[in-house]
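Inspection log for the structure reproduced underneath, given as C-alpha cells.
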Amino acid sequence: MIRLQYAVELNYQVQGPGADFIFIIQAAHTRHQHVVNEQLGIGQTLMPQAFADPVTKTRYLRLQAPAGPLRVSYVATVDLAHHLMPSQAVGEVSVVQLPGNVLPYLYPSRYCESDRLLGFATQKFGHLLQGHDRVRAIRDWVQQHVTFKSNTSNSSTSACDTLASGQGVCRDFAHLMIALCRAINIPARFATALDYGADPALGPPDFHAYVEVFLGQRWYLFDPSGTAIPLGLVRIATSRDAADAAFATIFGTVWSEPPRVHIEAVANAQGERVLPRHTMDAISTDADGA
C-alpha cells in the first residue's frame, strides 16, 4: 500500500468589492484511493460550500471572499491501491459496450479537437493492434514529438496548437494524447494530480495533468509528459479537458501568488514507507466508468 501526503497553499489578494472562487484541490474518494485524513484551512472567516460529482468523484469547494487577503490551505494523507495488469491483457472496448457515463469522453471538446485529428491519428495509429499497447504507443509518440518547455502555451492552447508547435507543458501533452485517442474511438479524459517524482530542474512542485483512458472496463493511467511517476498520482479531478478541472476558477478582480504544493511518501498503516515506482504494467484507478 502506497501512502502519500500532500499539501496545497493558495494565497490571494482580493480587490473590492470581493470575488467568488471555485477550488478543485481536494483528493477524490474512489475505490482505489482512500483519504485517510484531511484538513482544510480558510484564512478568512468564511462559509465554504462543498460538492462532489457523483460520477467522477471530483470535489468542488465554493466560497465568496470580501476584499483583502485570502489564504486557502489543504493537507491530505491518501492511501493508493492501484489495480495492476500486464498491458497485453488489457483490451479496448467497443463503442456499443461502453458504459453510458463513458460516452462523453469519445467526443471532441474545447481543447481536444479529435475531429480535426481524425486523419492524422488514423494514419499514425489506426493500423496498430488494439489494446493498452496501442494507447501506450500514442503516449510514447506524444512524449517523443513534444518538448516540455515552460511558458510556451496559454489558456487558449489546444491539442492542434501543441501538435503544430511541438512544445508545451503537462496539460498540453495531455490534451494532445486525449485528442489522438478519441480520434480513433478510444475514450480518454483529462485528470489532475500533483507531480510526484518530477525532476526539480523543471521547477518547484506543482499541479500536474495526466490522462486516463477507458480500456477493459476500467480507467487506466498514462502520463504523456513523462515528468511524473504514475503510481504516485493522487487523483484530484477528472474532466473532458482542462476547461473543467482548473484548481482555481475566480470570478472577480484578484491578485494571486503561485501555488505552493508539496507531496511525499509517508509510512502506511503497516509502518512501511512504500515509494511509488515506474512499472510496465497497466495501472488502473477505478472500474465501472467511475
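A few notes on this one:
- Failed criterion for residue 104 (all others in (1) surrounded by 14 or more Cβ atoms within 10 Å (Cβ to Cβ); (2) assigned to a helix (DSSP H, G or I); (3) under 22 Å from the mean Cα position of the chain (by Cα) hold): (1)
- Candidate set from the range 259-289 (those that are assigned to a strand (DSSP E or B) and hydrophobic (A, V, I, L, M, F, W, C)); member that is modelled with the lowest pLDDT: 287
- Any hit, the range 251-258, residues being at negative phi, at pLDDT 95 or above, among the polar types (S, T, N, Q) and not in a loop (DSSP other than H, G, I, E, B): yes
- Hey, residue 123 assigned to a loop (DSSP other than H, G, I, E, B) and either without any contact (Cβ under 8 Å) to a residue 40 or more places away in the chain or of a type in the set (Gly, Ala, Ser) (or both) or not: no
- One residue alone among 104, 54 is at pLDDT below 95 and not acidic (Asp, Glu), and that residue is 54.
Listed here are the residues, each with its yes/no results for (1) assigned to a loop (DSSP other than H, G, I, E, B); (2) within 9 Å of the chain's Cα centre (by Cα); (3) among the hydroxyl-bearing types (Ser, Thr, Tyr).
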position	(1), (2), (3)
190	no, yes, no
196	yes, no, yes
205	yes, no, no
209	no, yes, no
224	yes, no, no
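- All positions within the range 241-250 that are in a strand (DSSP E or B) and of a type outside the set (Gly, Ala, Ser): 249, 250
- Residue in the range 152-161 that is in contact with a Pro (Cβ under 9 Å, 6 or more places away or on another chain) and either small (Gly, Ala, Ser) or not in a loop (DSSP other than H, G, I, E, B) (or both) present: no
- Selection from the range 268-287 of residues that are surrounded by 11 or more Cβ atoms within 10 Å (Cβ to Cβ), aliphatic (A, V, I, L, M) and either closer than 15 Å to residue 222 by Cβ or over 19 Å from the mean Cα position of the chain (by Cα) (or both): 274, 275, 282, 283
- Once the range 172-207 is narrowed to residues that are of a type in the set (A, V, I, L, M) and more than 19 Å from residue 157 (Cβ to Cβ), the residue that is surrounded by the fewest Cβ atoms within 10 Å (Cβ to Cβ) is 201.
- Of all residues in the range 219-262 being β-branched (Val, Ile, Thr) and under 26 Å from residue 87 (Cβ atoms), the one that is surrounded by the fewest Cβ atoms within 10 Å (Cβ to Cβ): 229
The values are calculated or read from the model by the stated rules, or taken from the named source; none is laboratory data. These figures come from a predicted structure and were not determined experimentally. In this analysis, Cβ positions are derived from the backbone assuming ideal geometry, glycine residues included, and neighbour counts consider all displayed protein chains.
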